[in-house]
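Every number in this text was worked out from the coordinates using simple rules, so none of it is lab data. Being a predicted model, the structure only gives us computed values, none of them experimental. So basically every Cβ, Gly included, is an ideal-geometry build from the backbone, and we count neighbours across all protein chains shown.
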Amino acid sequence: MPVNDTSAVSSALALAISVRVPVLLWGSPGTGKTAGIRAIAQAMDLPCETVLASIREPSDFSGLPVVHDGAVAFAPPVWATRLVQAGRGVLFLDEISTAPPAVQAALLRVVLERVVGDLALPDTVAVVAAANPPEQAADGWDLSAPLANRFCHLDWQIDPRRVAEGLAGGFPVPRVPSLPDDMTGASSRARAAVSAFLGMRPSLASAPPDDPSSAGRGWPSPRTWEMAGCLLAAADASQAGPDVTMVLVRGAVGEAAGIEFLAWLEEMDLPDPEAILADPDAFVLPDRGDRAYAALSAVASAVAGDPTEARWLAGWRVLGHAGERAPDVAALAARVLARCRPTGVEPPPEVKLFLPLLRDAGLL
């Protein structure tokens, strides 16, 4: 069920651009998708290169073969060169649902790796696409499953009142999300939540749809769960609100998986891993298994993001308290901490609780 709130979708789009998760905006013709994308790019002071996928050839994305000094190079188009020269920007792939299968195949590396021909675009370039539903597009195609799985899918729904107000007095400038420089805590919580949920629902780790129509939208895979974690962290760090979070997560992993994950997440009410690391002796392991797993995973992820000696030792103290009661629940977190051991730091006594596990994993 699409969210009928253009402001929530606009905020979700801006957040996806900010953290450079590829995003695809679906909507009927003439509803302002292109204008909305360009307005957000302008508000974020990002150059926007618009490429109409419907009139391009595969070589426009895979590169045109050119013989040079006896070797074949794949020359990039001029729009890719301009993005490299700018060092940042938005690559806007318009009318992507009218691109034939051969062009969609050429777009796979562009969307995922930001590589055009032999030219790598900067990591600061965001990939955004827009599409009409196949039944409303001129010679429209269903998006191939591999290409669809590279995007977070957002449904663009117009609000008649906003249209009327915009035509009368001008459309408002999109709000640019404010993200902190340090997102370690939010990223740790998001990764731990996704990990704990998939540990409880392993069948949703990868669940490609059977019918081509559904496969052309968001669906669960390791790639899209990683995207969902990144977007969840961005929404958390920017205090975007539940509507924006819902739009982003459902857009990444699909309707059913997204709703189930968000309902589970609301029940968890996970503690802040940084607060736990600041006072590890006060940590109380939750009685509920999935909540305990998520809390310990968040602590381990937070330490891995900034593995100083003090944080690493504090993480082991937390696992020491947990390992005495539920060593199986703490097993994953112990492996993460073992992998990020700071150079020259001696293992603390708490490691003894997990010696067999770490030996079997080859981490000793």
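In whole Å, what are the extents of the range 213-325 along the principal axes defined by its C-alpha atoms, from largest to smallest?
51, 28, 25 Å, listed from the longest principal axis down.
How big is the gap, in Å, between the Cα center of the range 1-65 and the Cα center of the range 73-139?
11 Å
Any idea which of GLY218, TRP26, ALA190 is furthest toward the positive side of the dipole for the chain, if Lys and Arg beta-carbons carry +1 and Asp and Glu beta-carbons -1?
Ranked along the dipole, the leading option is ALA190.
Quick check: the distance between the Cα centres of the range 294-317 and the range 170-239, to the nearest angstrom?
22 Å
Counting other Cβ atoms within 10 Å, which chymotrypsin sites (Phe, Trp or Tyr not before Pro) in the range 56-117 have at most 15 and lie in a DSSP loop? The partial results should precede the final answer.
Working: sites: PHE61, PHE74, TRP79, PHE92; in loops: none.
Filter output for the range 56-117: empty list.
What does the charge count near GLU309 come to, summing +1 for each Lys or Arg and -1 for each Asp or Glu among other residues with Cβ under 14 Å from its Cβ?
Net of charged neighbours comes to +1.
Cα-based Rg (one decimal) and Dmax (whole number) for the range 1-144, in Å?
Reported Rg and Dmax, both Å: 15.5, 56.
What is the Å³ per residue value for the convex hull set by the Cα atoms of the chain?
Working: hull volume 63.3 nm³, N = 364.
About 174 Å³ per residue, rounded to a whole number.
How far is helix 33-43 tilted off the main Cα axis of the chain, in degrees rounded to 10, range 0 to 90?
Once rounded, the angle reads 60 degrees.
For the range 269-360, build the convex hull from the C-alpha positions and give me its volume per residue in Å³.
Taking only Cα atoms, the range 269-360 has a hull volume of 86 Å³ per residue.
Using the scaling law 2.2 N^0.38 Å as the reference, what is the normalised Cα Rg of the range 246-295?
Working it through for the range 246-295, the quotient is 1.42.
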